[in-house]
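Since every read-out is calculated from the coordinates, none of them should be taken as a lab result. Worth saying up front: this structure is predicted, and the values here are computed from it rather than measured. Ideal geometry is used to build each Cβ from the backbone, glycine not excepted, and the neighbour counts take in all protein chains shown.
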């Protein structure tokens, strides 16, 4: 069983600064784990009353039966999850506006590796990955691609069930990299178009102060899993971009995946 530690979330205090219009339909932000979920979730929170934040936990297959109230059309909520595609998932979220967040598999491999060896992530059966000198950074990256036998799923399994299988079912697909570009150049016309589409997909009328709300919600100091907020073992470093060998391994392991998601 994995445990995630890190910064205490205090963003609700910022939400209260802005006038909020209640949601009229449930909204689900669904994503690939380590796909930038906190960024998109925190941005959308700035447009939704705190009382409508379903924040007990991320919705996933094992706990979905405990979170059915998140998708009640008579009491709309904003929820987040790493929800696998399944017959039961489809039935439970059928009334929700569904936003699907994905990330370039090349960058995802690095993000997942950093997270797995950080102090903020604990999973007893893979805790040895944090032992400095036991594995090279490249070996850990390969584990993120191919999985760890009986301990952690492979890239293709995660992206198949958390992302690819949802494509074409009426979801609003968001690429993490597009969201980051839009945040970093908030005054650009492309950014305005991006957030107009995102808010429309969530059924939220865009207020005049949308840029300020986005900027507050996107503050990386509020994200417990942002790269700079992770503490890695001293002496273990990962490259800034995925090495060429691992890029070829991703294409060998999951051919066509990046093209499907709009990265190639």
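If you take every DSSP beta bridge whose two residues both sit in the chain, what share of them, in percent to the nearest 5, is antiparallel?
15 percent
In degrees, nearest 10, range 0 to 90: what is the angle between the Cα axis of helix 105-116 and the longest Cα principal axis of the chain?
For 105-116 against the chain, the angle is about 80 degrees.
Over region 49-94, with a single point scatterer placed on each C-alpha, what log10 of the ratio I(q)/I(0) does the Debye formula yield at q = 0.21, 0.25 1/Å?
So the normalised log intensities work out to -0.66, -0.91.
Taking the chain as the reference, fit the longest principal axis to its C-alpha atoms, fit the long axis of helix 244-253 to the helix C-alpha atoms, and give the angle between the two in degrees, 0 to 90, nearest 10.
Roughly 70 degrees, rounded to the nearest 10.
Relative contact order, percent, of region 111-263 when contacts are C-alpha pairs under 8 Å separated by at least 6 residues?
Value for region 111-263: 35 percent.
Going by how many other Cβ atoms sit within 10 Å of their own, how do 27, 50 line up, fewest first?
By the 10 Å Cβ count, ascending, the order reads 50, 27.
For a bin width of 10 Å, list the pair-distance distribution of region 85-147 built from all Cα-Cα distances, rounded to whole %.
For region 85-147, the pair-distance distribution reads 18, 37, 23, 19, 4.
Can you figure out the FRET efficiency of residue 248 with residue 189, using R₀ = 30 Å and their beta-carbon distance, to the nearest 0.05?
The computed FRET efficiency comes out at 0.25.
If each of residue 219 and residue 18 carries a label point 7 Å out from its Cα toward its Cβ, how far apart are those two points in nm?
It works out to 1.3 nm between the two label points.
Helix-only estimate, please: 222 nm mean residue ellipticity of the chain, summing -39500 (n - 2.57) across DSSP H runs of length 4 or more and dividing by its residues, to the nearest 500.
Estimated from H runs of four or more residues: -9500 deg cm²/dmol.
If you average the sequence gap of Cα pairs under 8 Å that are 6 or more apart and divide by the length of the chain, what percent do you get for the contact order?
Contact order relative to length: 29 percent.
Ignoring solvent entirely, what values of log10 I(q)/I(0) come out of the Debye formula for region 63-214 at 0.11 Å⁻¹ when each Cα is a single scatterer?
Taking Cα atoms of region 63-214 as identical point scatterers yields -0.59.
Most exposed first by the Cβ proxy, i.e. fewest other Cβ within 10 Å, how do 231, 130 rank?
So the ranking, lowest neighbour count to highest, is 231, 130.
On a 0 to 90 degree scale, rounded to 10, what angle separates helix 189-201 from the longest Cα axis of the chain?
So the helix axis and the longest Cα principal axis differ by about 70 degrees.
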